[in-house]
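Reading through the C-alpha cells given below for one structure.
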Amino acid sequence: MVSNQLILGALLALNIALYLPLVFSALRRRKHKVNASNLADAFNGLEMALKEAVPDLPAGFTWEEAIARLRSSGVKTEGMDFALKSYEEYRYGGSPLPDLDFREVVKVANMLGGITTGKSGGASLGR
Amino acid sequence: MGAEIRDKVVAEVGKVVVGREREIDLLLMCLLARGHVLLEGVPGVSKTLLANAFSKCLGLQFKRVQFTPDILPLDIIGGFVFNMKDREFEFRRGPIFTNILLADEINRAPPKVQSALLESMQELQVTVEGHTEKLPFPFMVIATQNPLEFEGVYPLPEGQLDRFMVKVSFKYPSKEVEAGILKRNLSSIDVNDVRTVLTVGELDALVRQVEEVKVSDEVLAYLARVAEATRNEGSLVLGASPRAMVQLVHCARAKALLVGRKYVTPDDIKSVANEVLTHRLTIDRAAALKGVSRNPEAILTAILDRVEPPR
C-alpha cells in the first residue's frame, strides 16, 4: 500500500514539472521586455526581438523585409509605419531624432519577445 | 515630385507596354542616374516598343540602329564626308547624336563597333580624327541582346558589360499579363498615343535632384562590405568593381527619389543590386563541379543575406 506521503511527494513533483516551464517562460518574457526611452531605443529593441523571434531571418535583413515578414505572419505593424519612416529619416537621412510616440514599436517588440523561440523548435514566425 | 513623375511615366508607357512596370522603373532610374541599359530577352517581348514609348513619354529624341556583322563605327558615330560644293570635308553626325539610342542586338556587331559605341557612352562625346563633339543631354543607350544566340554573335566582354548601369532580363510574361497583352493588341498600337509628361527642363531638374539624395556614411560602409563580399566569394572569379558600386549608389539614389525620399536606405540598395551587379559578376567555371550555384542572382542574394546593413 502506497503511503499518503509518497502520493503527496509524487503530486508535488508533478506540479513542479508542470509549472516550472511556465515560470521560466514568464521570466524570459520579463527579460525580453523592451524598455525604450526614445524612438532609436525602440527600434534597437525591435531589432533584438526580431533576431530572437525569427531565427531564420537572414543577418542581412532590412526593415522593409522584416516588416513584410511580420505582416505575412499576421503581426499587425500598420501602427508603426510612421514611426519607421521617421526613424529611417533620422538613421539614413541625417534628420534629428524625432520626439514621437514609439509605443507601437515597443508593443511589437514585446509581442515578439513573448513568442521568442530558439532554433530548436516551438512556435515561430513562419515565412 | 519624383514619385509623381514616376507614376505618370509608368501610366503613360503602360498604355502601350503591358505588364512591364519594373522595367519602366529601371529605365527611368537609369536615365536619372546618367546610366545605360542592357535589355536581354528573346525576340518579341516588347523591348523595342518599350524603348520607343519611354522616349516618347519623356519627349526625347529616339533613334534605333540595328546592329549587324557588317556595321561600321562610321554608321553609328558618324564621320567626315567631302562636301563637293564647299570643297572641304565636313563632319556628318551619326545616329548616336540623339537622346535615346536603341542599339538593337548589340552582340551582332563586331568588337570594333561595340567599343566605339561604348567609348561614347563613357565619355558622352564623340571624337573622329581629332574632331570632338559632345552628345546631347540626356543621352542614354538602350542596348538589346538575345541570350539564346550563339551563332554569328560577338558577346560583350566583361569590361564592356561593366559600362552598362543595369541589365534587365525580359522574361516571358505571366498568364495574366499575356492575356492583357493579347487584349491590348486587339486594336492597333500606336506609340503616338503616349503623351509626353516631362519637359527636358524638368528632366534636368530631376537629374540634379538625384545628385542631392543623401547617402549616409554607414550606408556607404555597407556598400563597401557588399563589394568586398563579392570579391571574396569563392564561387566568383570576378566580383563587383568600384565602378559597379558607384553605379549601384547612383541607381539607388534615383530609386529613392522616385519613391519620394531624399536619402538612400539599405532597402534601396538591395532592390536594385540584382540588376546593377549580376551582369558584372563572373562565375568560377569550376563552381558547378564543386556543387556551388552557378546562378549569379542566387550568389548575390546569398551575399546580401549575409552582409548586415545599418539598421
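B:ILE77 satisfies every condition listed in (1) in contact (Cβ under 8 Å) with a residue 12 or more places away in the chain; (2) surrounded by fewer than 18 Cβ atoms within 10 Å (Cβ to Cβ); (3) not assigned by TED's automatic domain parsing to the domain that holds B:ALA51 except (2). If the condition is being of a type in the set (D, E, K, R), buried (at least 18 other Cβ atoms within 10 Å of the Cβ) and farther than 30 Å from B:GLU4 by Cβ, then the range B:258-311 contributes only B:ARG280. Looking at the range B:1-18 only, could you name the residues that are part of a loop (DSSP other than H, G, I, E, B) and within 13 Å of B:ARG261 (Cβ to Cβ)? Of everything in the range B:1-18, just one residue is part of a loop (DSSP other than H, G, I, E, B) and within 13 Å of B:ARG261 (Cβ to Cβ), namely B:MET1.
From the list B:LEU50, B:LEU39, the lone residue that is part of a strand (DSSP E or B) and within 28 Å of B:ARG280 (Cβ to Cβ) is B:LEU39.
Condition check: surrounded by 13 or more Cβ atoms within 10 Å (Cβ to Cβ) and touching a strand residue (DSSP E or B) at 6+ places or on another chain (Cβ under 8 Å). Does B:LEU161 satisfy that? Yes.
Within the option set B:PHE164, B:PHE97, B:PHE137, being within 22 Å of B:GLU275 (Cβ to Cβ) and among the aromatic types (Phe, Trp, Tyr) holds for one residue only, B:PHE164. Considering only residues in the range B:72-124 that are within 20 Å of the chain's Cα centre (by Cα) and part of a strand (DSSP E or B), the one that is nearest to B:ASP204 (Cα to Cα) turns out to be B:ILE100.
Taking the criterion of being without any contact (Cβ under 8 Å) to a residue 60 or more places away in the chain and of a type in the set (A, V, I, L, M, F, W, C), the residues of the range B:55-74 that qualify are B:PHE62, B:VAL65, B:PHE67, B:ILE71, B:LEU72, B:LEU74.
Among the residues examined, B:ASP190 does not qualify as within 14 Å of chain A (Cβ to nearest Cβ), among the acidic types (Asp, Glu), over 19 Å from the mean Cα position of the chain (by Cα) and over 30 Å from B:LEU289 (Cα atoms). Figure legend. Inter-residue proximity from the range B:177-199: first residues of a type in the set (Gly, Ala, Ser), second residues not in a helix (DSSP H, G or I), beta-carbon distance below 7 Å, spacing 6+ or different chains. Indicated pairs: B:GLY180/B:VAL18; B:GLY180/B:GLY19. Among all positions in the range A:80-102, there is no residue which is without any contact (Cβ under 8 Å) to a residue 40 or more places away in the chain, outside any loop (DSSP other than H, G, I, E, B) and under 14 Å from the mean Cα position of the chain (by Cα). Remark: B:SER55 matches the filter, which requires a residue to be under 30 Å from B:GLU21 (Cα atoms) and hydroxyl-bearing (Ser, Thr, Tyr). Inspect all residues belonging to the range A:59-70 and state whether any of them is away from chain B (no Cβ under 14 Å), at pLDDT below 85 and assigned to a helix (DSSP H, G or I). Checked against the condition, which is being away from chain B (no Cβ under 14 Å), at pLDDT below 85 and assigned to a helix (DSSP H, G or I), the range A:59-70 yields no hits at all.
Please tell me if B:ARG231 is farther than 22 Å from B:LEU58 by Cβ and either more than 14 Å from chain A (Cβ to nearest Cβ) or loosely packed, with under 14 Cβ neighbours inside 10 Å (or both). In short, yes. Across the range A:36-58, which residue is nearest to the other protein chains (Cβ to nearest Cβ) among those that are crowded, with 20+ Cβ neighbours inside 10 Å and under 12 Å from A:GLU104 (Cβ atoms)? Filtering first and then ranking leaves A:PHE43. Check whether at least one residue in the range B:296-303 is within 14 Å of chain A (Cβ to nearest Cβ), of a type outside the set (A, V, I, L, M, F, W, C) and farther than 25 Å from A:ALA42 by Cβ, and report yes or no. Yes, the range B:296-303 contains at least one residue that is within 14 Å of chain A (Cβ to nearest Cβ), of a type outside the set (A, V, I, L, M, F, W, C) and farther than 25 Å from A:ALA42 by Cβ. In summary, A:PRO98 fulfils each of the numbered conditions (1) touching a Phe, Trp or Tyr at 6+ places or on another chain (Cβ under 8 Å); (2) more than 14 Å from chain B (Cβ to nearest Cβ); (3) more than 22 Å from B:VAL264 (Cα to Cα) with the single exception of condition (3). Of the residues B:LYS255, B:LYS214, which single one is surrounded by 23 or more Cβ atoms within 10 Å (Cβ to Cβ), closer than 24 Å to A:PHE61 by Cα, in contact (Cβ under 8 Å) with a residue 12 or more places away in the chain and of a type in the set (Lys, Arg)? After ruling out the rest, the residue left standing is B:LYS255.
Return the residue satisfying two criteria in turn: it lies in the range B:248-264 and is within 13 Å of chain A (Cβ to nearest Cβ) and touching a strand residue (DSSP E or B) at 6+ places or on another chain (Cβ under 8 Å), and of such residues it is farthest from B:VAL237 (Cα to Cα). For the range B:248-264, the residue satisfying everything is B:LYS262.
B:ALA51 meets each of the listed conditions (1) in the same structural domain as B:PRO138 (by TED's automatic domain parsing); (2) surrounded by 21 or more Cβ atoms within 10 Å (Cβ to Cβ); (3) more than 14 Å from the chain's Cα centre (by Cα) apart from (3). Any residue at all in the range B:188-198 that's over 24 Å from B:ILE100 (Cβ atoms) and of a type in the set (A, V, I, L, M, F, W, C)? No, the range B:188-198 has no match at all.
Would a scan of the range B:265-278 turn up a residue that is within 22 Å of B:MET165 (Cα to Cα), within 14 Å of chain A (Cβ to nearest Cβ) and touching a residue at least 60 places away in the same chain (Cβ under 8 Å)? For the range B:265-278, residues within 22 Å of B:MET165 (Cα to Cα), within 14 Å of chain A (Cβ to nearest Cβ) and touching a residue at least 60 places away in the same chain (Cβ under 8 Å): present.
The values are calculated or read from the model by the stated rules, or taken from the named source; none is laboratory data. Keep in mind that what you see is a predicted model, and the values were worked out from it rather than measured. When we count neighbours, we look across all protein chains shown, and the Cβ atoms used for this are built from the backbone with ideal geometry, even at glycine.
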